[in-house]
Number of protein chains: 2
Amino acid sequence: MRFSRQMVTVEEAWNSLKGRLTIGREEEVPLGEAYGRILADDVHATCDLPHFDRSPLDGFAVRAADTVLAAPDQPVRLKVVETIAAGAVPAVALTEGCASRIMTGAMMPAGADAVIMFEQTEQLAAQAPEVGIRRQLRPGENVSRRGEEIAQGTVIARAGEKINAGTLAVLATFGYSRVTVVGKPRVGLLSTGIELVDVDQPLIPGKIRNSNAFMLSALIAEAGGVPLLFPNLPDELAVAKSAIAKHLQQVDVLITSGGVSVGDFDVMAELTDEPEVDLLFNRVAMRPGSPTTALMVAGKPIIALSGNPGACFLGFELFVRPALHVLAGASEPRRRTIRARLSIAYAKPCPYPRYLRGRLLEKDGVLYAQPDFNEKAGNLGTLKDSECFIIIPAGGGGKQAGELVEVLTHAAPSWRQEG
Amino acid sequence: MRFSRQMVTVEEAWNSLKGRLTIGREEEVPLGEAYGRILADDVHATCDLPHFDRSPLDGFAVRAADTVLAAPDQPVRLKVVETIAAGAVPAVALTEGCASRIMTGAMMPAGADAVIMFEQTEQLAAQAPEVGIRRQLRPGENVSRRGEEIAQGTVIARAGEKINAGTLAVLATFGYSRVTVVGKPRVGLLSTGIELVDVDQPLIPGKIRNSNAFMLSALIAEAGGVPLLFPNLPDELAVAKSAIAKHLQQVDVLITSGGVSVGDFDVMAELTDEPEVDLLFNRVAMRPGSPTTALMVAGKPIIALSGNPGACFLGFELFVRPALHVLAGASEPRRRTIRARLSIAYAKPCPYPRYLRGRLLEKDGVLYAQPDFNEKAGNLGTLKDSECFIIIPAGGGGKQAGELVEVLTHAAPSWRQEG
């Protein structure tokens with residue numbers, strides 16, 4: 001099996017995995033803990049917004065009909081009958097020749113149909129009994145009408161949307177002190193390989209420190225999962241199988257790093273030959289990370305990433321992140337690719353589509369993608385600076401500078417200066 | 001003072017605020033808690049990476065000199081003297097006519113200077129005593145040399161950088177189980193205005209629910225601060241002053257929402273006239289949010305945002321987020337603006353620079369900025385979908401469709417389809 005793997009495209013691999021993923025259960029959380037979660041249901045406006053006619057500025061509420069003759073040099077004088085603070089209920093209905101001093105956000109008094117800002121009035125003193133109106137107002141001018149922003153019953157956020165700061169604002173406005181979201185997926189995480197030592201252990205010859213566990217934990221949390229770190233997997237198949245069976249009971253999905261290749265001790269590769277395993281894919285047309293593997297055991301998905309840090313990271317972004325988004329209920333689990341001009345040639349023929357890490361630049365409104373000049377898949381030094389994968393298609397002679405390439409972003413661009 | 005405020009540009013306002021901000025104290029945290037924090041010091045590679053010559057693939061370590069006559073149809077037969085697992089130390093030095101089976105990441109045996117992958121060899125069985133080498137290898141081929149990725153002593157991450165998943169990977173590799181970061185700023189947060197009711201309270205006429213507190217808490221946490229929510233501020237100046245003085249003792253910076261305008265009960269505006277207050281700015285050439293205010297009290301900065309949700313959000317992104325980044329030690333506290341083509345005309349003259357919320361689109365490698373068609377600064381419904389501010393300069397007749405505009409992003413673009 002190991003040397004006769006069936007190659008699938010990234011799309012085929014994703015589709016076979018996606019078909020096995022089930023959205024998590026709903027749960028209710030206080031609004032203060034809802035940031036970053038995915039809404040389980042559509043949410044509706046519980047009232048009109050504004051829910052009363054209100055003034056959008058500090059000024060005077062008037063009857064527009066009373067201002068017909070007003071001009072800068074001929075102010076119309078109106079009697080000030082009330083001062084209305086935001087939060088107060090007006091006590092006096094306006095009649096002909098009257099105005100109410102009104103604050104931003106305050107409720108319009110009955111009878112008023114326009115507001116004039118302080119700066120366009122003439123006041124002898126702050127609390128003067130009269131005000132001079134220095135221009136004519138149209139009926140409805142400077143009035144925020146009940147429901148003009150959002151009418152009661154409008155969908156304000158949809159199931160599958162991630163809750164951000166703006167969502168919190170609109171949910172709070174409509175009184176959602178609790179909100180129904182999809183449960184966070186519990187994501188098991190383990191590494192394979194006897195070459196690994198922990199971060200706080202001294203390096204001895206032949207060993208390396210386990211860097212993927214920290215990276216993957218952070219990526220899992222960032223993608224909305226709860227990482228559960230399990231001990232490193234031994235390379236004896238029977239022991240590994242029983243450890244995995246135990247771990248799977250505690251998690252919704254298991255992510256492993258290492259052991260997927262054709263080496264003698266690649267336990268994840270060995271595992272795919274076992275009868276209880278339902279193999280989804282173990283050879284993907286992509287570089288790095290072609291041995292990236294996915295399988296089902298006991299009804300739960302295992303995504304086995306390459307141990308090589310760069311390939312591990314790519315496998316995470318292509319398969320694990322969207323898988324966690326599906327489990328967490330996101331309506332758009334995968335990022336869209338965009339197109340950008342390659343800032344420098346990558347003139348190497350690729351037997352598989354090559355995913356180059358890089359950055360996005362902007363110049364005069366045109367997008368450029370700049371590879372990290374990192375031929376080594378495992379190059380750790382540039383991982384932290386990467387914002388996107390630049391996809392060099394298979395075959396041909398690579399891509400020339402200035403050619404359009406597909407780009408898959410995995411971080412907000414920092415829009416560094418070109419050069 | 002309220003009606004005779006001195007107007008400053010956004011740049012001037014930021015510079016006057018920035019001058020008053022002091023970076024926080026250093027602290028040491030375990031690597032597992034370092035995600036999202038800002039490095040206090042440059043970090044160096046504690047050893048070469050790789051720290052020994054190693055094989056980048058599964059195959060056979062050989063002496064290139066032994067492969068000179070190898071060809072696909074005339075394999076050179078070598079004696080297999082050892083199998084070297086990743087993590088093991090080779091026991092046998094290669095001599096003429098010998099090879100070692102070697103796994104990805106394993107240490108090269110003495111005497112070997114090249115590696116050939118399994119697929120280019122002829123093996124009679126997995127553990128056969130001989131291997132056929134089917135092509136000539138150059139000395140050094142398929143060997144990852146000690147230090148070729150990162151040499152000992154190299155700066156692997158710089159003071160002022162935010163720690164992301166990739167940073168964690170490289171820090172773990174070099175044994176940093178603890179890392180020195182800048183302390184998170186403690187950010188006090190309060191709202192003003194008697195019109196506000198809490199999210200779980202019924203709406204009564206004239207009142208609105210406090211939506212800014214939830215939004216600002218989330219934004220503060222996202223920007224690296226620790227939000228401390230204080231009770232709403234009353235509109236009596238003396239009470240407000242004493243509350244603020246008390247709160248300031250607990251925080252590094254205080255953020256308020258509301259009460260900055262020219263209304264009768266705008267307590268933050270009133271406060272700026274007090275003798276102990278060092279006013280930085282209270283009128284900024286921008287729409288929305290021109291009354292956005294910053295002041296120093298007892299040596300600590302207070303940033304007073306507009307109560308209007310849209311203006312509050314803009315004020316946060318322009319002043320609070322970069323201020324928190326300075327306090328948290330970021331070397332690049334402000335986001336760069338980029339340029340994009342306006343996707344639809346905004347043909348309205350602006351007395352101040354207008355910050356339109358919108359989204360970024362990409363078409364054939366060209367960036368487009370699409371406004372949210374949201375003339376009302378307070379429009380809550382579109383806050384959650386906003387990815388950037390499109391800056392329409394003051395004066396003139398706005399901008400036509402297709403014209404280049406400056407854009408300040410505040411979220412990773414979702415690259416929605418145009419249309």
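Derivation of every value follows stated rules applied to the coordinates shown; laboratory data play no part. All values reported here derive from a predicted model rather than from experimental measurement. Neighbour counts run over all protein chains shown; Cβ positions are idealised from the backbone, glycine included.
Along its three principal directions, the equivalent ellipsoid of region B:256-320 from the Cα gyration tensor extends over semi-axes of 18, 13, 9 Å, largest first.
Placing unit charges on C-beta atoms (Lys and Arg positive, Asp and Glu negative, everything else neutral), compute the dipole magnitude of region A:99-175 about its Cα centre in debye, rounded to 20. Intermediate values should be presented prior to the final figure.
Working: 8 positive and 8 negative charges, 39 e Å.
Charge dipole, region A:99-175, about its Cα centre: 180 debye, nearest 20.
Please state, to two decimals, what the Cα-based radius of gyration of chain A comes to when divided by 2.2 N^0.38 Å (N = residues). Spell out each step's value before the answer.
Numbers: Rg = 31.0 Å, N = 419, 2.2 N^0.38 = 21.8 Å.
Its radius of gyration relative to the 2.2 N^0.38 Å reference: 1.42.
List residues of region A:222-260, by number, whose backbone nitrogen lies under 16 Å from a label position 7 Å along Cα→C-beta of residue B:123. Residues passing the 16 Å test: A:259-260.
Modelled this way, with points 7 Å down the Cα-to-C-beta line, the labels at residue B:238 and residue B:18 are 4.2 nm from one another.
Label separation (residue A:348 vs residue A:110): 8.0 nm, computed from points 7 Å beyond Cα along the C-beta direction.
Please order A:78, A:219 by the number of other Cβ within 10 Å, starting at the fewest. Each step should come with its number before you reach the end.
On the way: A:78 24, A:219 29.
So the residues, fewest neighbours to most, are A:78, A:219.
Evaluated with a Cβ-only charge set (Lys, Arg +1; Asp, Glu -1), the protein assembly as shown carries a dipole of roughly 940 debye about its Cα centre, given to the nearest 20.
The lysine pair count for chain B, using Cα distances under 18 Å and pairs eight or more places apart or on different chains, is 9. Measuring how big region A:10-125 is from its alpha-carbon positions, Rg and Dmax come out at 25.6, 77 Å. If I take R0 = 41 Å and measure r between the Cβ atoms of residue B:89 and residue A:7 in this structure, what FRET efficiency does the formula 1/(1 + (r/R0)^6) give, to the nearest 0.05? Efficiency, rounded to the nearest 0.05: 0.70.
Once C-alpha pairs closer than 8 Å and six or more residues apart are averaged by separation and normalised to the residue number of chain B, the relative contact order reads 16 percent. Against chain B, whose longest principal axis comes from its Cα atoms, helix B:212-222 is set at around 30 degrees.
Taking every DSSP beta bridge that has both ends in the protein assembly as shown, the antiparallel portion is near 70%. Over region A:293-417, the pair-distance histogram of Cα-Cα distances with 5 Å bins from zero comes to 2, 10, 18, 21, 20, 14, 8, 4, 1, 1, 0 percent, rounded to whole numbers. Each of residue A:29 and residue A:364 was given a label point 7 Å from its Cα along the Cα-to-Cβ line. The distance between the two points is 4.6 nm.
For region A:18-83, the Cα gyration tensor yields ellipsoid semi-axes of 54, 13, 11 Å (square root of five times each eigenvalue, largest first, whole Å).
Taking only the C-alpha atoms of region B:130-187, Rg followed by Dmax gives 19.7, 69 Å. Using alpha carbon coordinates only, what is the Rg to Rh ratio of region A:59-133, with Rh defined as the Kirkwood radius? Rounded to two decimals, Rg over Rh is 0.93.
On a 0 to 90° scale, report how tilted helix B:237-248 is relative to the longest principal axis of chain B, with both axes built from alpha carbons and the result rounded to the nearest 10. Result, in degrees: 20.
Mean residue ellipticity at 222 nm, helices only, chain B: -4000 deg cm²/dmol; runs of at least 4 DSSP H residues each add -39,500 (n - 2.57), and the sum is divided by the number of residues. Three principal axis extents of region A:337-409 based on alpha-carbon atoms, in descending order, are 33, 29, 19 Å. With springs only between Cα atoms under 10 Å apart, run a GNM on chain A and tell me which of A:300, A:384, A:162 wobbles the most. Highest fluctuation among the options: A:384.
For residue A:194 and residue A:373 in one chain, what is 0.36 nm times their gap in residues minus the Cα-Cα distance, to one decimal in nm? Before the final figure, lay out the partial values.
On the way: separation 179, 0.36 × 179 = 64.44 nm, distance 3.08 nm.
My answer for the length gained is 61.4 nm.
Taking every Cα-Cα distance in the protein assembly as shown and sorting them into 10 Å bins from zero, the calculated P(r) comes out as 2, 12, 19, 22, 17, 11, 8, 5, 2, 1, 0, 0 percent.
I'd like the distance separating the alpha-carbon centroids of region B:170-186 and region B:24-86, in whole Å. Spelled out, the Cα-based centre of one part sits 24 Å from the other. Whole Å is fine, so just give me how far the alpha carbon centre of region B:288-333 lies from that of region B:117-144. Between the Cα centres of region B:288-333 and region B:117-144 lies a distance of 63 Å.
Apply the a/c threshold of 1.5 to the C-alpha gyration tensor of region B:215-289 and tell me whether it is rounded, prolate or oblate.
Details: a/c = 1.69, a/b = 1.19, b/c = 1.42.
Oblate, because a/c is 1.5 or more while a/b does not exceed b/c.
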